[in-house]
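Asks: My structure is below; once you've seen it, I'll send some questions.
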Amino acid sequence: MEHQRCYIYAPPELAERSPKRQRTSEGNPQKLLRERMQTYREIWSHQEEKIQATLEEADIVTQEKIVKFVSAASQPEHEHSLAIPTGLVVVGPSIASHGPFFERLGRRIKEDTNSANFVLTSGESPNLKTFLKNLIKKATSRVEDDDDDDLRPSTSSKNGPKLLDFDLGHLQEWQNRNRVQNIVVTIQDSEAFDSSLLAEIVDLFYSWLDRLPFVLLFGIATSAESFEERLSGKSLRYLEGQEFDVTQSSETVEKLFSTTVASTDIPLRIGPNLSRRILERQRDHVQNVQDFSDGLKYAYMSHFYANHTSIFLQKGLSFKDVPEDVFDAVRTLPSFRRWIENLLGDRDTQQARKLLESDEFLFTNTVQQVQAGQNILSGLSGACMVLVRLRKSLQMTPHAPISSIWTRAASGDLAGAPLLRETMLLVKKISSDKFLQLLTSMEELDASAFSSSFTVDLDEYRQKLDELVTANDTSAPLRTQHDVRNDSLRTTVVAQKVLLSKHKAALSEHDKAYSELVTRFHDEMENYFVGAITNPNELLFSEILIYDLKSPHTEVFQPKPRFAIERALASPHDYLGCDCCVAGAGEDGQVSFSGTQPPTAILYQMYLESGAIINVSDLWSAFNAILGTQVEDSDTKTMALFQRSLAELRYLGFIKPSKKKTDHIAKTMWKGL
Amino acid sequence: MLPDEILSQLNSEFPCRDTQIRQLAALYSAHLPSPSLLVAHGLTATGKSALIKCYLSDSGLPHAIVNSKECITGRHLLERTMAACLDARDKHGSVGETKTKIDRRPYARTESLNTLVVSLGKLMGEWEGEDGMKGGKFVLVFDGIDAQREAPATLIPALARFGELIPNLSIILITTLPLTHSLHKPGVPHLHFPPYPRTSLLEILNTFPPKIFLSPPDADKFPDYTPDLSAEDDAWLWNRFLGAVWESLSKHTGRDLVSFRNTSMRIWREFVRPVVDGTFGTRDFSRLMVNRRHLFQLEDSVLDRIISRDAEASKTNGEILPATPKIVKKAPGLQHDLPYYTTYLLIAAYLASYNPSRTDITYFMKHTDKRKNRRRTGPTKASATKARKISRHLLTPSPFPLDRLLAVFRSLIDGDVPQVADLLTQISTLCSMRLLVKSGGMGSSDVLGEGGRWRVGFGWEFVRGLGRSVGIEVGEYLVGGVDV
Ligand SMILES: Nc1ncnc2c1ncn2[C@@H]1O[C@H](COP(=O)(O)OP(=O)(O)OP(=O)(O)O)[C@@H](O)[C@H]1O
Ligand SMILES: [Mg+2]
């Protein structure tokens, strides 16, 4: 096969499959797959809309500024300016979100100004020539879409000297035909460009500035200062412009989380474990908005793919659409079983029996309960939002974002948590000016709109508070009896001991009335929280409403390639599952070699035991000692195995030839890094 | 235009270039023969390009200018030269009714210097001057030819001989330094554009003083302040201001015309602000100088920046700067936060770059007490004076293999980090941000390929900031310590 450049590799088909793969039960997993997919699509499309809206909203301010900058660049006062208008767009270190950002920006620039926008990345620009070629290709091919071919002037192309394909003259011709106001050239990942290339680009564009109205936008991951430092003074002289800061992606992720997970109108939620995992990954490894929404999407897909009962999330589901085995599946759900047991505990045997026996009865109940569960979860999310608001307007530290409060609530840790208690205590002590702010901020949130259990009548409080404040004749804000500033300490010396005693300062009439008001507010809020904050894990049909499986998510988003290879080589039994190698792994993880293991694995284990530089001849004798006895033929066969194993290790990057010592190889990888 | 008119106009446009203008006029006129080759040389911003271009277009001589800056390769230069000559020929070639365009087909490709010389010869051979005679004059200018990218070694000597081979062609080469040896041709006339001395610079910039008042003061309030008076004030103050800028800043750095002009323009608005405010009169120069002296002390005024200071000032809502603003130089860093482990990876990379690998055991072995070993090698006073060692963080970073980075990374972090692919993703992200730089080694084309070696692309200040953001004092892990 060596003579072929490429070929299709057909693995030999094995008659028997590994036992792991065998299915235990018959049942058709594909049942209702289409319907579930349909439901998934509906639900996800809503989420996607939300995500898009949030993203657009997140950088709308910056984008508008940039668009304004671009359209201002061609104003007459700029005409004689001696420099290329340049925007330094600090997009942040998540390289992956640069692309979508500039895509959205490009769209806006084209819509809102009469400019052309070309985005170039470092991958397309190894040198000046290729950079220009790509730029020209992007410009001219776009025209062909809306221009007839024969309209293109053929004066220069047919009989005259041709322009070389990296000649900016092409762009000039294009500009003569299209007359755009600005030619915006976006350099998406400016850090990855060679400094010298950037300098050349700037130099060239500057030289053409009298014929081509260039505007440069640089996408920057580090900071504008570091970018300026990379350019020489001469290039800097040719550039003039502004810096634009894009919203930190951690903030955007927070916003995304609150609209897609912790919001109130969501049929399917991801559970606390999964959200924690996704959020942690954002914080620790990648800060990337795209990745967040991918993770969410994958969770939704997994839920609908693997869970029969997810069909109940479909709106307007009718009984005859649901096949029998779905009901069987519902009956196996732990929360359903708990429900039945509770019914039995309440001696409501009739209903329990009916649920177990009648599919139709089960159907109506499930639909009802799913709806109820959704309401409860919405109430929970609403309570989280109210709590975040409260903490914010009380200016409490530490700052607890909605993501962390929601995950705590979803794992059932919020009820009675110190965080909540502390907040409520502060509410009790609130002074009237702050109370006013708090009411305003709660009115903005408009909790009663999305959460039916929020019954606190804010208007009434405001009215009462206004009355009290106007009646208050001192300029100081009203205080409650719990406010420490109303306490005073008194020291008395009794029998040579200092006694400290607290005294309540006498409260004024107004303060008393105010105290009552605040206490009532506090009690009402507390009732609301107690009612709304429940443990979702105990919710009936939480398996349908919440997806919280760690397993496929981690494998898909955080694979461990190096770990997998190292493990496969160090303990091949884990993967092979054969009987012969079990003995190989002795007690306490101590590996003892066994000839039945694959030769590369054996060699690898020897490799692990040796130092940074390995004598090949020693390695060979050790290898031979283990395998040589097994292979009867002769040394040659063992030698072939040895050489192949060595080559494989080298291919995997574990070893490389060493120049330091003859007959030695150098170790390049250590296990567990 | 008549020659005298041209001269006087050029002289007013380009003050202090009298000699050069007269020489150009003598060498290139419509009726007298011109030299086949001229080298115009001078340092940057001495008006070479601008003056020659202006002269040629004013004098009406057929000419073409090829700017080497715009030519990406040597071949590109040839193509552009041919195209420029054809365009010029179309523009000048035929007068009056017979506006026939030249047939460009024979000139479709210019692959080498040979083709160029043949084609040019052909073109010039058919050339008809303004008076309808064959063999009219044509001037071909190569601007900045010494900085041509990917130029073959023979380019300049060959171009220098074009004038000999083609009778009515005159070549002008514009360069920075005189081309004495590289032409391989004796007796080439050179036209030197000397750098402007102080007096000339002031004279040139004085011709167009910028305005003090961007919008004229209220006509009702100051009825006698006529535009004439205002222009007089502008010129008076600008002149004095230029002198001050030269003495305090531009004399020492950026002595060429453009740098001087940029520096002056950069601080002019800030300088006249008290006048615009009405604090000082327009002729209170000495008091203005005292008040605004900080402008002449900061390096900011001479540094070229993309983001202009005006823009930055307007960002702070036009807050009036204190009289002597401190130079707030931001430490190089990141405007956005990095993910947690990425920060650690960068710190680890810095340590791997700056610590010799043999010290890793003392510094990073899990079971040794790190605190004890750190700073152990901090220089004592006596030894420091004896053997002056350069602190490590001032040296260039040395390359390290990837696994060493990962090992240091793991020992820096308390607790376990799973071996997920995200770590490698981060490394490649850092690589594309040039915070980590792949330096040679085998398979260096592949970012994560085996056997490659890496370096860090940032300095001490940066890593110190990073370390503090996650609560690590990087200096404690650096061999030899850092005394800052
Ligand atoms: N004598 C002068 N009077 C007025 N303006 C001048 C004079 N000399 C130079 N300038 C101006 O200075 C600027 C730079 O000049 P120019 O580009 O001709 O310099 P150059 O010698 O070609 O520099 P380089 O070697 O960098 O190409 C131009 O804007 C030009 O108008
Ligand atoms: Mg020039």
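The values are calculated or read from the model by the stated rules, or taken from the named source; none is laboratory data. Fair warning: this is a prediction, and the values are worked out from it, not measured in the lab. Reconstructed Cβ throughout: ideal geometry from the backbone, glycine too, with neighbour counts over all protein chains shown. These accessible areas exclude ligands, DNA and RNA; they are computed on the full protein's heavy atoms, side chains included. Shrake-Rupley method; radii C 1.70, N 1.55, O 1.52, S 1.80 Å.
Asks: Kindly provide the trypsin sites (Lys or Arg not before Pro) of the stretch A:268-319 that DSSP labels as loop, not H, G, I, E or B, and whose Cβ sees at most 14 other Cβ atoms within 10 Å.
Replies: Here the sparse-neighbourhood loop sites are A:LYS315.
Asks: Continuing with the same structure: First measure r as the distance between the Cβ atoms of A:SER45 and B:VAL276, then evaluate 1/(1 + (r/R0)^6) with R0 = 51 Å and state the FRET efficiency to the nearest 0.05.
Replies: Working: r = 58 Å, r/R0 = 1.14.
Result of the calculation: an efficiency of 0.30.
Asks: Mind checking A:223-229 for the average number of partner chain beta-carbons within 10 Å of each residue's beta-carbon?
Replies: Mean partner shielding for this stretch: 6.
Asks: Still on this structure, please answer the following. Over the stretch B:4-193, calculate the relative contact order: mean separation of alpha carbon pairs under 8 Å at least 6 apart, over the residue count, as a percent.
Replies: 33 percent.
Asks: Given a Förster distance of 35 Å, report the FRET efficiency between B:SER428 and A:ALA306 from their Cβ-Cβ distance, rounded to the nearest 0.05.
Replies: Step by step, r from the Cβ atoms, then E = 0.60.
Asks: Is there a simple number for the mean count of other chain Cβ atoms within 10 Å of the Cβ of residues in B:415-423, and what is it?
Replies: Average per residue, whole number: 6.
Asks: Under the definition of Cα pairs under 8 Å and six or more residues apart, what whole-number percent is the relative contact order of chain A? Don't skip to the answer; put the middle values down first.
Replies: Values: 757 pairs, mean separation 84.2, N = 673.
For chain A, the relative contact order is 13 percent.
Asks: A follow-up question, please. Whenever you get a sec, compute what percent of the accessible area on the stretch B:198-315 sits on carbon and sulfur atoms (1.4 Å probe).
Replies: Here carbon and sulfur together make up 54 percent of the probe-accessible area.
Asks: Report in % the part of the accessible area of the stretch B:4-193 that belongs to carbon and sulfur, leaving out ligands and nucleic acids; probe 1.4 Å.
Replies: Carbon plus sulfur share of accessible area: 57 percent.
Asks: Oh, and also: Say a site is exposed when it is one of the chymotrypsin sites (Phe, Trp or Tyr not before Pro), sits in a DSSP loop, and has at most 15 other Cβ atoms within 10 Å; what is then the longest site-free stretch of chain A?
Replies: Details: sites that count: A:TYR7, A:TYR9, A:TRP670.
Here the longest segment lacking exposed loop sites spans A:10-669.
Asks: If you don't mind, there's one more thing I want to ask. Using the Cα centre as the reference, give the magnitude of the dipole from point charges on the C-beta atoms of chain A (Lys, Arg: +1; Asp, Glu: -1; all else neutral), rounded to the nearest 20 debye.
Replies: That gives a dipole near 1360 debye.
Asks: Separate question: When DSSP assigns beta bridges and you keep just the ones with both residues in the stretch B:4-193, what percent turn out antiparallel, to the nearest 5?
Replies: 5
Asks: Run the simple label-point estimate for A:GLU357 and B:SER391 please: 7 Å along Cα→C-beta, distance reported in nm.
Replies: Calculated label separation equals 8.6 nm.
Asks: Calculate, for A:GLU609 and B:SER308, the FRET efficiency according to 1/(1 + (r/R0)^6) with r their C-beta to C-beta distance and R0 51 Å; round to the nearest 0.05.
Replies: Values: r = 64 Å, r/R0 = 1.25.
Result of the calculation: an efficiency of 0.20.
Asks: OK, next. By the gyration tensor of its Cα atoms, with a ≥ b ≥ c the square roots of the eigenvalues, what is the shape of the stretch B:4-193: rounded for a/c under 1.5, prolate for a/b over b/c, or oblate?
Replies: Numbers: a/c = 1.68, a/b = 1.09, b/c = 1.54.
Since a/c reaches 1.5 but b/c is at least a/b, the shape of the stretch B:4-193 is classed as oblate.
Asks: Rounded to the nearest whole Å², what accessible area per residue is found for the stretch B:198-315 with the 1.4 Å probe?
Replies: Ligands and nucleic acids excluded, the result is 54 Å² per residue.
Asks: Separate question: Mind giving me the nanometre distance, one decimal, between the label points for B:SER357 and B:ASP87, set 7 Å out from Cα along Cα→Cβ?
Replies: Computed distance between label sites B:SER357 and B:ASP87 equals 5.7 nm.
Asks: Cα gyration tensor of chain A, axes a ≥ b ≥ c as square roots of the eigenvalues: rounded (a/c below 1.5), prolate (a/b > b/c) or oblate?
Replies: oblate
Asks: Can you compute the modelled spin-label distance between A:ARG462 and A:TYR9, with each label point 7 Å from Cα toward Cβ, in nm?
Replies: My value for the distance between the label points is 6.9 nm.
Asks: Can you work out the Karplus-derived ³J(HN,Hα) for every residue in the stretch B:221-228? Use 6.51 cos²θ - 1.76 cosθ + 1.60 with θ = phi - 60°, whole Hz, and x for glycine or proline.
Replies: Coupling constants for the stretch B:221-228: 6, 10, x, 8, 7, 7, x, 4 Hz.
Asks: Taking amide H atoms as placed 1.01 Å from N in the peptide plane, list the residues 5 or more away in sequence, or in a different chain, whose amide H sits under 5 Å from that of B:LEU38.
Replies: Sorted by chain and number, the residues that satisfy this are B:ILE171, B:ILE172, B:LEU173.
Asks: Return, ordered by residue number, the residues of the stretch A:315-344 whose backbone nitrogen is under 16 Å from a label point located 7 Å along Cα→Cβ of A:GLN30.
Replies: From the stretch A:315-344, the list is empty.
Asks: Largest first, what is the accessible-area ranking of A:LYS392, B:LYS438 with a 1.4 Å probe?
Replies: Of A:LYS392, B:LYS438, the descending order of accessible area is A:LYS392, B:LYS438.
Asks: Could you report the buried accessible area between B and A, both sides summed, computed with a 1.4 Å probe and given in Å² to the nearest 100?
Replies: 5700
Asks: While we're here: Under 19 Å from the 7 Å Cα→Cβ point of B:ASN206, by amide nitrogen: which residues of the stretch B:237-257?
Replies: Inside the label zone: B:237-251, B:256-257.
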